[in-house]
Every structure is written in structure tokens, then in C-alpha cells.
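Inspection log for the structure reproduced underneath, given as C-alpha cells.
The values are calculated or read from the model by the stated rules, or taken from the named source; none is laboratory data. The structure displayed is predicted, hence computed values, not measured ones. Note that each Cβ is placed from the backbone with ideal geometry, even for glycine, and that neighbours are counted across all protein chains shown.
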Amino acid sequence: MAYAAVLHAVGDELDLRDDVSTVAPGPDQVKVRIKATGVCHTDLSLISGVLQQPLPMVIGHEGAGIVTETGDRVTGVRPGDHVVISWMPDCGECAECLRGEPYLCQTLRAQARSEPRFRLADGAPAYGMSGTGTWAEELITHRRSVIKVAEDVPFEYAALLGCGIPTGVGAVINTARVEPASTVAVVGAGGVGLSVIQGARLAGATTILAIDPNEAKHPIAERFGATHTTTPDGLEEAAGLLTGGAGFDYAFEVVGRSAAVTTAWEATRRGGDVIMVGAGAADDLWSLPTSRLLFEGKNLRSSLYGGCDLRRDIPRFVDLWRAGRLDIEGLITSRIGFGDLKDAVRTLANGDAIRQVVLFD
């Protein structure tokens, strides 16, 4: 039996239990003992019902740990290996994977989300968020959902390599491919937004504007590389000052709301790129006159999972961290215990943290 945070119904308070077990690993599955897991805004979206998956569910998708068991057909990892959990497993064989777009692979994801891999004390099945469920001491997942990571990377850092960092930094270097000396606007200065800002700095952008209504986040954004900050109400003035009113070369939406997409669109110059990073609700619709879509020449692009191939990109992120160019420690607001998760969810909802990380002993 192990600790796990279970959601029984949308909007319910988390059920923090110590009597949850996993199913036995199948031939293509691995069992991982989770050592660290992040508290991400996407977790809150599942709890609140903005995003929906089968219930009851063990929450959590951003984690890292140690492999403890492997199925008969598993290669590439073995018990004792340190691994990052990927909530977007790629099969390596479908058309999307063969095109070099593993973040679009659906072959394993639908099965992972619909297959219960946890058991409650009474024998009732429970699903794992995105086929993982990292707010648990241990989990079962497909072999393609684990990426080996060097043992010198602290588990709390490795956990963030499973979602926040690849989603944000990857949006800059993989999706937008921001060019040196570019101007960049970032709508939303939460954990992923700060990773976008870091990515823009790494890419050599000379002007990086962080846009967030919470002014308390502005000095934090500057610490990660923003050259300027503003609230949405001050965007027009800031764009006039920084771009002569022309708009930014790239604008990243990192909130997951239609209003934020509009803000990013209006911030972008004619012919520039608008990159959508945030995960929004299915009923939150965004519209624009088709004449503007054509004649303004702007490109609206989706950046799912930062356009990452984690097997390629995690070693790159680790190298950047080792070189002192990627700040992971600064993203961690606090290290907490499993029993603190209810408070952590409230803190996240209030916007009072970048990343809280749960450490399992």
C-alpha cells in the first residue's frame, strides 16, 4: 500500500490516502517509485473540471523517480534507473512519430488514460492522470512514458523536466524557433510562462516583455530574463515604447484562456507569430474576423508539450542546467510533503506559487 492523492468527483477536495496500490506491470510497462512531483496548473484544471478524464483518478503528471520493476518486453531502462515521467508517451512507430512529431502521437495516450492502473483499499479501480498519476508514491506506466535521466540531477529538478520546462522552453526553441535579436511578449508569468521567458533569453531575444495582471510576479519574471514587464492594461503603452507600436515578433499565450489569446494576438506585429501554450477549456471559444486572419499575415501556432521529443530534449536541458544557463532551482517556490497537497492546491489556485514540489521519502 502507498500514499496517493485521489480525486473522486470534479470539484471535490482531494482524498489523501495511504491504502492505494498499483496493478502488476504488464509486459510493456514499468513500475516507478516517485521521489518528487510538481504541483502544476494543469493538475488544478483536472480538479476543477476545466479538463476532463475518467474518475476516480490519482492526480499528478509531472514527476520523477526510480524504476523498481519492469515488464518482460521492456528495454532501455531497468530497476534502479532514475527516470522522468512523460505524460505524452510516443509509440515511435506511427505517422506522427515518424514525421518527428512525437508530441502529437495518440497511439498510447488514449489507452493510458482509459486503463485503470491503481487499486483502492476496497479493490475499486482508479485511473492515473494522463496515464500516470504522479501524486502517488508509486505508479505503473508504459515503458515509453519514462525517460532515463542522469543520476546527478536532483529528483525535484528532474520532475520539472517532465512538464513545465519542456512545455515552456520547448515552445521557444522547438515551436517558434525564436531568432536572435527578436522581440518577444509572454502573456502569463506562472511556472510555464517563466520557462518561456528563460527560453527566449536562451534564444537570444533582445526584448522580452512579461505580461501579467499580478504585479507581484513582475520582479520574478525579470529575474528569469524578462527585460520589461506590464499588466494587460499597460500593453499598448509598452508595445509603443518597445516596438514603436509595430508589435512583437513573437507572442506566447501561456494562460489557456481565450482572452489571453486575444492579448497575444494584439501584441504581435503584422507577419509575426502567436504561439498558444496554455491548455484551455473545451467550451472557451476564440474568434477573429477572417479578414484579419488573412490581411494581418500573423501565424497562430499550437505548441503542444513544447514540440518536444523528450528523449532528445531532456539531455539538452540537463546540459543547459549544468552550464548554469537554465535556472531550475528558481522555479521551485517550496518543497512540501504529501500531507501538504490540499494546501498546495489552494496556494496554486490563488496564484501564490511558481512550482511547489512534493518530495517522497
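You will find that of L14, L7, L46, L55, the residue that is over 18 Å from L310 (Cα atoms), of a type outside the set (K, R) and under 16 Å from the mean Cα position of the chain (by Cα) is L46 and no other. Checking T290, T333 one by one, the residue that is within 22 Å of V187 (Cβ to Cβ) and β-branched (V, I, T) is T333 and no other.
Residue-wise test of (1) in contact with a strand residue (DSSP E or B) (Cβ under 8 Å, 6 or more places away or on another chain); (2) among the β-branched types (V, I, T); (3) closer than 27 Å to A239 by Cα.
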| site | (1), (2), (3) |
| --- | --- |
| T263 | yes, yes, yes |
| R311 | yes, no, no |
| F317 | no, no, no |
| A323 | no, no, no |
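Out of all the residues in the stretch 273-294, is one or more within 27 Å of I165 (Cα to Cα) and over 24 Å from the mean Cα position of the chain (by Cα)? No, that holds for no residue. Within the stretch 141-161, at least one residue is at pLDDT 95 or above, assigned to a helix (DSSP H, G or I), of a type in the set (D, E) and surrounded by fewer than 24 Cβ atoms within 10 Å (Cβ to Cβ). A64 fulfils the conditions (1) surrounded by 22 or more Cβ atoms within 10 Å (Cβ to Cβ); (2) within 15 Å of A126 (Cβ to Cβ) except for a single criterion, (2). Considering the stretch 263-361, the qualifying strands (runs of 3 or more DSSP E), each wholly inside and each with 1 or more residues that are in the same structural domain as E137 (by TED's automatic domain parsing) and surrounded by 17 or more Cβ atoms within 10 Å (Cβ to Cβ), run over 332-336, 355-359.
Could you tell me whether G307 is over 29 Å from C105 (Cβ atoms) and among the small types (G, A, S)? So that I can check it myself, show each step before the final result.
Working: over 29 Å from C105 (Cβ atoms): no; among the small types (G, A, S): yes.
Here the answer is no, as G307 does not meet what is asked.
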